[in-house]
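The values are calculated or read from the model by the stated rules, or taken from the named source; none is laboratory data. Not measured: the values here are computed from a predicted model. Positions of Cβ are backbone-derived with ideal geometry, glycine not excepted, and every protein chain shown enters the neighbour counts.
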Amino acid sequence: MAKSAQAPVIVWFRDDLRLADNPALTEAANSGAPVVPLYILDEESEGLRPLGGAVKWWLHKSLESIETSLEEAGSKLVLRRGKAAHVIRDLAETLRPEAVFWNRRYRAAEVEIDKAIKSALKGKGIRCETFNGHLLYEPWTVNGKTGGPMRVFTPFWRAARALGEPGDMLAPITMLPASSATIESDALKDWALLPEKPDWSDGIAEEWTPGEDGAAERVEAFLSGPVRGYKDKRNRPDTESTSKLSPHLRFGEISPRQIWHESVRYARSNGASDSVAKFQSELGWREFSYHLLFHNPGLDSANYQKKFNGFPWREDHESLKAWQEGRTGYPIVDAGMRELWRTGWMHNRVRMVAGSFLIKDLMIDWREGEAWFWDTLVDADMANNPASWQWVAGSGADAAPYFRVFNPVLQGEKFDPNGVYVRKWVQELKDLPDKYIHKPWEAPITVLSEAGITLGETYPAPIIDHSEARDRALKAFKALSG
């Protein structure tokens, strides 16, 4: 049966919930055909990782945002739940589209799903094109001197930059020709992505504005102030010194290419080139994480360095729970874990300190921490999250050496010297003098009493002695590399 001249083009949205700088959407808009925007909630295809609770909250809000944007452009988002291959097949049979477009994914299971769908579409004579809408550089384009994948960040980033500047941004889509076909769509509320009993999302909702507009506001806020001191202050959780763009990047509400060019434009107009370059290198770490994920399919579940398969991890459910709930007795760790639970986000320096404490002080498997972050972070990313946990553990590529054990007291004193961050999130310590804010167990009884603190009651005593824990960890790590 011949296709109608008005056969539509399907755009399959995934982690690219935006109308600006969206290659798949731009190609569809330029085709001249009616456009059917589609989002599939696929919880059934083999090998997909179930979304965490915080990510589900954000996804709901982000889909609401792009639904509104598409309606303003004259279109309507189609929502379907089920196996992506089945949903695409059914829509292809119903709509007989001219083409299906999407932006690429990079986790092995998703790559295989996409390959199978692409093959099936082409078998039906339907054009299928895919694009890079998620990264500055495709993982297979950055190679070492021997031509293979890379495992150390600095040469990786040097090789990536040698490929040239990221491509120009694509203009926002302001108008989409809608299909005249009647297409069934799920109601977003029926997907039950939002928490209800209990609803733990109040703090997250106060902190974040999901969607493309929220991402644009974050970029503007960052480039209008904090970026100037980013190089020197990015490790300070007691100041507003980071971009907080990570969840917007996670859902593709803004592209890394947009952020790159906006930061370049800022540097040209305002200077601060060192801080902008450091900020851009953090985008590079995101690229490096995706490079690792693409070339190492088991990154989120298997040690990158196989020698860690023999590491003597401890099973300690009580200590794990204390860590999750911010009750370790180490203020900087507890502040971070409480910030995470309240807002769905944690400052990157504190992520490293909290991760090190779980892995090296408590000697609990990094996968336990990765899983907790996967469920509680609004920016839980399939590449960044496991790559970062393996970096802290020492089991990953370009990893922190096994003998790097973050001292939570020294880290707190260095990066939160006046206790501003700790006092914000560990309210029971708010009246403790700066001298003791990161080590309340050293405060005299009179000082604790005046601050209303009883260790072990109003605030926990340390669940482990850091010096002893460090020695124990070093022996275990050294045995692996011996």
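Only residues that are in contact with a helix residue (DSSP H, G or I) (Cβ under 7 Å, 6 or more places away or on another chain) and without any contact (Cβ under 8 Å) to a residue 40 or more places away in the chain: list them for the stretch 210-233, please.
Scanning the stretch 210-233 gives a single hit, Arg218.
Return a yes/no flag: does the stretch 369-388 have any residue that is over 24 Å from the mean Cα position of the chain (by Cα) and surrounded by 18 or more Cβ atoms within 10 Å (Cβ to Cβ).
Filtering the stretch 369-388 for residues over 24 Å from the mean Cα position of the chain (by Cα) gives none.
Looking through the stretch 369-388, none of the residues is over 24 Å from the mean Cα position of the chain (by Cα) and surrounded by 18 or more Cβ atoms within 10 Å (Cβ to Cβ).
Which pairs turn up if I take residues in the stretch 311-323 that are in contact (Cβ under 8 Å) with a residue 12 or more places away in the chain and look for partners that are among the hydroxyl-bearing types (Ser, Thr, Tyr) with beta carbon separation below 9 Å, at least 6 apart in sequence or on another chain?
If the second residue must be among the hydroxyl-bearing types (Ser, Thr, Tyr), the pairs left are Phe311/Ser395; Ser319/Thr328; Ala322/Thr328.
Out of the residues in the stretch 113-138 that are among the charged types (D, E, K, R) and under 22 Å from the mean Cα position of the chain (by Cα), state the one that is nearest to Asp21 (Cα to Cα).
The qualifying residue nearest to Asp21 (Cα to Cα) is Glu138.
Identify the single condition in (1) modelled with pLDDT under 95; (2) of a type in the set (Gly, Ala, Ser); (3) touching a Pro at 6+ places or on another chain (Cβ under 7 Å) that Gly329 does not satisfy, given that it satisfies every other one.
(1)
Any residue at all in the stretch 116-129 that's closer than 16 Å to Ile183 by Cα, of a type outside the set (Phe, Trp, Tyr) and surrounded by fewer than 17 Cβ atoms within 10 Å (Cβ to Cβ)? Steps first, please.
First, pick out the residues of the stretch 116-129 that are closer than 16 Å to Ile183 by Cα: none.
Taking every residue of the stretch 116-129 in turn, none turns out to be closer than 16 Å to Ile183 by Cα, of a type outside the set (Phe, Trp, Tyr) and surrounded by fewer than 17 Cβ atoms within 10 Å (Cβ to Cβ).
So, in the stretch 14-42, of the ones that are surrounded by 22 or more Cβ atoms within 10 Å (Cβ to Cβ) and among the acidic types (Asp, Glu), which residue ends up nearest to Val111 (Cα to Cα)?
Asp16
Considering only residues of the stretch 179-199 that are among the acidic types (Asp, Glu) and not in a helix (DSSP H, G or I), which is nearest to Ile254 (Cα to Cα)? Give the derivation first.
Taking the stretch 179-199 first, the residues among the acidic types (Asp, Glu) are 184, 186, 190, 196, 199.
Among the residues that remain, those that are also not in a helix (DSSP H, G or I) are: 184, 186, 196, 199.
Working: Glu184: 28, Asp186: 25, Glu196: 29, Asp199: 28 Å.
Here the answer is Asp186.
Can you confirm whether the stretch 143-151 contains a residue that is assigned to a helix (DSSP H, G or I) and either within 21 Å of Phe294 (Cα to Cα) or touching a helix residue (DSSP H, G or I) at 6+ places or on another chain (Cβ under 8 Å) (or both)? Step through it out loud before you land on a result.
Looking only at the stretch 143-151, we keep the residues that are assigned to a helix (DSSP H, G or I), and these are none.
No; the residues of the stretch 143-151 include none that is assigned to a helix (DSSP H, G or I) and either within 21 Å of Phe294 (Cα to Cα) or touching a helix residue (DSSP H, G or I) at 6+ places or on another chain (Cβ under 8 Å) (or both).
Could you please let me know if Leu17 is part of a helix (DSSP H, G or I), outside the structural domain of Trp372 (by TED's automatic domain parsing), within 15 Å of Phe251 (Cβ to Cβ) and of a type in the set (A, V, I, L, M)? Give the steps one after another, and end with the answer.
Numbers: part of a helix (DSSP H, G or I): no; outside the structural domain of Trp372 (by TED's automatic domain parsing): yes; within 15 Å of Phe251 (Cβ to Cβ): yes; of a type in the set (A, V, I, L, M): yes.
No; evaluated as a whole, the condition is false for this residue.
If the requirement is being part of a helix (DSSP H, G or I) and either of a type outside the set (Phe, Trp, Tyr) or touching a residue at least 24 places away in the same chain (Cβ under 8 Å) (or both), which of these qualifies: Leu176, Leu121, Leu170? Let's see the steps before the verdict.
On the way: Leu176 fails: part of a helix (DSSP H, G or I); Leu170 fails: part of a helix (DSSP H, G or I).
After ruling out the rest, the residue left standing is Leu121.
When the stretch 290-307 is examined, which residues are found to be touching a helix residue (DSSP H, G or I) at 6+ places or on another chain (Cβ under 7 Å), more than 25 Å from Leu249 (Cα to Cα) and surrounded by fewer than 17 Cβ atoms within 10 Å (Cβ to Cβ)?
Selection gives Lys307 alone.
Is it the case, given these coordinates, that Arg342 is buried (at least 20 other Cβ atoms within 10 Å of the Cβ), basic (Lys, Arg) and touching a helix residue (DSSP H, G or I) at 6+ places or on another chain (Cβ under 8 Å)?
Details: buried (at least 20 other Cβ atoms within 10 Å of the Cβ): no; basic (Lys, Arg): yes; touching a helix residue (DSSP H, G or I) at 6+ places or on another chain (Cβ under 8 Å): yes.
Criteria not met by Arg342.
Consider Arg265 against the criteria (1) closer than 19 Å to Leu170 by Cα; (2) of a type outside the set (A, V, I, L, M); (3) crowded, with 18+ Cβ neighbours inside 10 Å: it satisfies all of them except one. Which criterion is unmet?
With respect to (1) closer than 19 Å to Leu170 by Cα; (2) of a type outside the set (A, V, I, L, M); (3) crowded, with 18+ Cβ neighbours inside 10 Å, Arg265 is out only on (3).
Restricting to the stretch 115-143, name every residue that is more than 25 Å from Ala160 (Cβ to Cβ) and hydrophobic (A, V, I, L, M, F, W, C).
Ala116, Ile117, Ala120, Leu121, Ile126, Cys128
Kindly provide the set of residues from the stretch 137-164 that are surrounded by fewer than 18 Cβ atoms within 10 Å (Cβ to Cβ), charged (D, E, K, R) and at pLDDT below 95, ordered by number. So that I can check it myself, show each step before the final result.
Restricting attention to the stretch 137-164, the residues satisfying the condition of being surrounded by fewer than 18 Cβ atoms within 10 Å (Cβ to Cβ) are 138, 140-141, 143-149, 152, 154-155, 158-159, 161-164.
Still in the list and also charged (D, E, K, R): 138, 145, 158, 161.
Hit for the stretch 137-164 is Lys145, nothing else.
Out of Ser69, Ser45, Ser65, Ser75, which single residue is in contact (Cβ under 8 Å) with a residue 40 or more places away in the chain and surrounded by fewer than 20 Cβ atoms within 10 Å (Cβ to Cβ)?
Numbers: Ser69 fails: surrounded by fewer than 20 Cβ atoms within 10 Å (Cβ to Cβ); Ser65 fails: surrounded by fewer than 20 Cβ atoms within 10 Å (Cβ to Cβ); Ser75 fails: surrounded by fewer than 20 Cβ atoms within 10 Å (Cβ to Cβ).
The conditions single out Ser45.
Out of Arg367, Arg423, I need the residue that is of a type in the set (Lys, Arg), closer than 30 Å to Gly214 by Cβ and either modelled with pLDDT under 95 or outside the structural domain of Gly53 (by TED's automatic domain parsing) (or both). Which one? Quick ask: steps written out before the conclusion?
Working: Arg367 fails: closer than 30 Å to Gly214 by Cβ.
Of the residues listed, the single one that is of a type in the set (Lys, Arg), closer than 30 Å to Gly214 by Cβ and either modelled with pLDDT under 95 or outside the structural domain of Gly53 (by TED's automatic domain parsing) (or both) is Arg423.
Is it true that Ser255 is surrounded by 22 or more Cβ atoms within 10 Å (Cβ to Cβ), touching a Phe, Trp or Tyr at 6+ places or on another chain (Cβ under 7 Å) and of a type in the set (S, T, N, Q)? Spell out the reasoning first.
On the way: surrounded by 22 or more Cβ atoms within 10 Å (Cβ to Cβ): yes; touching a Phe, Trp or Tyr at 6+ places or on another chain (Cβ under 7 Å): no; of a type in the set (S, T, N, Q): yes.
Considered against the rule, which asks whether it is surrounded by 22 or more Cβ atoms within 10 Å (Cβ to Cβ), touching a Phe, Trp or Tyr at 6+ places or on another chain (Cβ under 7 Å) and of a type in the set (S, T, N, Q), Ser255 comes out as no.
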